[in-house]
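Below is one structure, written out as structure tokens, with a few remarks after it.
Read the figures in this text as sums done on the coordinates, not as results from a lab. Here the structure is a predicted model, which means the values were calculated and not measured. Counting neighbours? That spans all protein chains shown, and the Cβs are built from the backbone with ideal geometry, glycine included.
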Amino acid sequence: MGVDEAKLAAEIGDRIKESLGRIKQAEFSRALGYGTSAVSLYLAGQRPMPLPFFFSACEFLNVSAEWLLTGQGPKRRGSFDWSLIDALSIHEEARRVEDELALTQRAYTEKAEPLMKKKRDDLMQRMEKLRRLVAAKRELEAVQIADAALDDTYTPPSGFESEADKMKRLRKDKK
């Protein structure tokens, strides 16, 4: 005979709500480190309740896991019948965590990869612009040198030293 998981989850949620007393659900969510919408879904039985949440709720509310799970046994915490939690439940929780981790990794990769590609493309475009500027400057220098050779009236801008002038200066400095 199978267990109606949705019904069981809703019953656990009702017992948690009962145990909250005057504590607001938002405060409870914050105390356990879960989002309010996720906790609302857990308590309504609309989303599977993770084991860490279940045990954290037991500890926070000071109720026994046996009572929270079945509605039977002592309500306040004390000894816990570990036979209620079987290896299969733990394995299922581990699988859920692995699946969530894989989804998170995939989402990160899918978001980060396009951003990195865009950044790389932007840097490549900037580098290409710099290459063009350097080429244009060299071309301008070559034209100015050619003009100067044809016309002795050319005066280079201050601080400008052509390659030919550099070579002449270096030869003089060596002597």
(request) Select from the stretch 35-55 the residues that are surrounded by 14 or more Cβ atoms within 10 Å (Cβ to Cβ) and within 17 Å of GLU100 (Cβ to Cβ) and list them in ascending order. (result) ALA38, VAL39, LEU41, TYR42, ARG47, PRO48, MET49, PRO50, LEU51, PHE53, PHE54
(request) Among the candidates GLU59, GLU27, single out the residue that is out of contact with any Gly (no Cβ under 9 Å at 6 or more places or on another chain), assigned to a helix (DSSP H, G or I) and without any contact (Cβ under 8 Å) to a residue 12 or more places away in the chain. (result) GLU27
(message) Taking the condition of being in contact with a Phe, Trp or Tyr (Cβ under 9 Å, 6 or more places away or on another chain) and either surrounded by fewer than 14 Cβ atoms within 10 Å (Cβ to Cβ) or not in a helix (DSSP H, G or I) (or both), how many residues in the stretch 2-22 meet it?
(response) 0
